[in-house]
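Here is the structure we will look at, set down as structure tokens.
The values are calculated or read from the model by the stated rules, or taken from the named source; none is laboratory data. In this text, all values refer to a predicted model and were calculated from it rather than measured experimentally. Using ideal geometry, Cβ is built from the backbone for each residue, glycine included, and neighbour counts are taken over all protein chains shown. For accessibility, only protein heavy atoms count, side chains too; no ligands or nucleic acids. Shrake-Rupley method; radii C 1.70, N 1.55, O 1.52, S 1.80 Å.
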Amino acid sequence: MNFEWNEDQLLLKKEVSRLCSKFDDNYWLECDKAHRFPWEFYNAFAEAGWLGVAIPEKYGGAGLGITEAAIILHAVAESGAGMNGGTTLHLSMFGLNPVVKHGSEEMKQKYLPSAARGELHVSFGVTEPDAGTDTTSITTFARKDGDRYIINGQKVWNSKGKEASKVLLLARTTPLSDCKKKTDGMTLFLADLDEKYCTLREIDKLGRNAVDSNELFIEDLPVDESDVVGEVGKGFYHLLDGLNPERILLSAEFCGLGRVALKKAINYANERVVFNRPISKNQSIQHPLAESHAKLEAAELLWQRAANKYDNGLPTGPDANMAKYLAAEAVFEACDRALQTLGGFGYAKEFHIERYWREARLLKIAPVSQQMVLNYLSEHVLGMPKSY
Ligand SMILES: Cc1cc2nc3c(=O)[nH]c(=O)nc-3n(C[C@H](O)[C@H](O)[C@H](O)COP(=O)(O)OP(=O)(O)OC[C@H]3O[C@@H](n4cnc5c(N)ncnc54)[C@H](O)[C@@H]3O)c2cc1C
């Protein structure tokens, strides 16, 4: 067992941190306040060639693993860019994983090089207002019409929809009532987010405001047969393939966010003098931060193990889910404790912790809720009956 990064990975981390240092805390504060997509940051990463880190070299990417993608996102979040910075990039970095794994050769040639260059933005359209966590109940429907499909329906929480020209869209192609298994009969499309047929309505949300999330209304959207990802009717299974890498990458990103919150809290605590001594001399300030440090370290080890297994072709479901669960708990606790450490200034935007705290709260809900992770572990790891 080796717990150290190799030289290339250390260099990658250093280079990413160096690039991130050009985008300071105030840059992120302003993007968040103005609900402005951080184009300068995004373009810098595209130019550096890091968006295609996990896309095969044959299609213009770097052909590296989830481990390297996770190292990048960890360094991004840790720089103070937090989830605003991470989400700006992570959709480009793993969003097309189902295409890499299941797309036709033609589809890969057509889309992956421009995604690797950062020119093609793809958003994710899975969640629906009346289906939520129960994905098999989605009602967005794709009707076959000659050599194309016509799609109607509604999605919610479509992130980065305003910047994207494509949406990886899950739709039913067979009504649920005609399927033997609930998970059958859904198809994944790489559909155009064409405003003639698609209407976006931005959701005013708690945090991570540099990246928009939207309601998406779809009316008679035509999608060419060649834009079906993988097999018709197997979309749910193709999507599942992408969930473990997504959980691993996000766990790394969460841990980076926890790190920057702790760092800021410790710096503040060492400098802030109350009762004629730095507040960091109080154990009630030290211990919560020390405990959060230990919990973050544990979550880091789990995502690293999950990433290592994924890159070596081993099953990763339990590790990826546990990493997501522990990282979400650890980062929210770390941000909350950091906020408490700063006292009143923790609540002020100019100290940045309140932004991290708002971002950290999201992680217990998306991309999968903590309860659903526990459901998975109860059933698939511990062998208890499905409870719902
Ligand atoms: C900022 C943001 C960005 C997002 N971006 C995207 C995106 O780009 N694309 C996309 O498709 N989706 C996106 N999502 C959606 C996200 O994946 C869902 O919000 C999440 O999976 C939870 O689904 P839901 O909100 O429908 O909750 P619901 O399914 O309505 O559940 C509500 C609550 O009940 C709990 N619950 C439900 N059933 C059970 C059960 N059987 N056992 C225990 N607890 C249960 C859930 O855990 C949750 O806490 C985003 C969400 C947010 C907030």
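Does Trp28 count as under 19 Å from the mean Cα position of the chain (by Cα), under 21 Å from Phe351 (Cα atoms) and touching a residue at least 24 places away in the same chain (Cβ under 8 Å)?
On the way: under 19 Å from the mean Cα position of the chain (by Cα): yes; under 21 Å from Phe351 (Cα atoms): yes; touching a residue at least 24 places away in the same chain (Cβ under 8 Å): yes.
So Trp28 passes the test.
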Checklist outcome for this item: The lone condition Pro278 fails out of (1) open to solvent by less than 40 Å² (accessible area, probe 1.4 Å); (2) touching a residue at least 12 places away in the same chain (Cβ under 8 Å) is (2)
Checklist outcome for this item: Quick count over segment 281-308, residues being open to solvent by 60 Å² or more (accessible area, probe 1.4 Å) and either among the β-branched types (Val, Ile, Thr) or in contact with a Ser or Thr (Cβ under 8 Å, 6 or more places away or on another chain) (or both), is 2
Checklist entry - So which of Leu190, Leu176, Leu200, Leu206 ends up being modelled with pLDDT of 95 or more and in contact with an Asp or Glu (Cβ under 6 Å, 6 or more places away or on another chain)? => result Leu190
Checklist entry - Which one of these does Thr67 not meet: (1) open to solvent by 10 Å² or more (accessible area, probe 1.4 Å); (2) part of a helix (DSSP H, G or I); (3) without any contact (Cβ under 8 Å) to a residue 60 or more places away in the chain? => result (3)
Item to check | Residue in segment 217-225 that is more than 29 Å from Phe41 (Cβ to Cβ) and in a helix (DSSP H, G or I) present | outcome: yes
Checklist entry - Is there any pair linking a residue in segment 188-211 that is closer than 18 Å to Leu120 by Cα and in contact (Cβ under 8 Å) with a residue 24 or more places away in the chain to one that is of a type in the set (A, V, I, L, M) and open to solvent by 50 Å² or more (accessible area, probe 1.4 Å), with Cβ under 9 Å and at least six apart or on different chains, and which? => result Leu193/Leu200
Checklist entry - Any chance segment 209-216 includes a residue that's open to solvent by 40 Å² or more (accessible area, probe 1.4 Å) and out of contact with any Phe, Trp or Tyr (no Cβ under 7 Å at 6 or more places or on another chain)? => result yes
Item to check | Members of segment 123-174 that are hydrophobic (A, V, I, L, M, F, W, C), touching a residue at least 12 places away in the same chain (Cβ under 8 Å) and open to solvent by 10 Å² or more (accessible area, probe 1.4 Å) | outcome: Phe124, Val126, Phe141, Ile150, Val156, Trp157, Ala164
Checklist entry - Hey, Ala115 hits all of (1) under 26 Å from Asp32 (Cβ atoms); (2) more than 15 Å from the ligand (Cβ to nearest atom); (3) among the aliphatic types (A, V, I, L, M); (4) not in a helix (DSSP H, G or I) but one; which does it fall short on? => result (4)
Item to check | segment 365-383 residues that are in contact (Cβ under 8 Å) with a residue 60 or more places away in the chain and closer than 13 Å to Gly317 by Cβ, paired with ones that are assigned to a helix (DSSP H, G or I) and within 11 Å of the ligand (Cβ to nearest atom) (beta carbon under 8 Å, 6 or more apart) | outcome: Val368/Leu243
Checklist outcome for this item: Per the filter on segment 95-106, residues open to solvent by less than 10 Å² (accessible area, probe 1.4 Å) and part of a helix (DSSP H, G or I) are Pro98, Val99
Next on the checklist: When you check Asn308 against the structure, is it assigned to a helix (DSSP H, G or I), under 19 Å from the mean Cα position of the chain (by Cα) and of a type in the set (S, T, N, Q), yes or no?
Outcome noted: yes
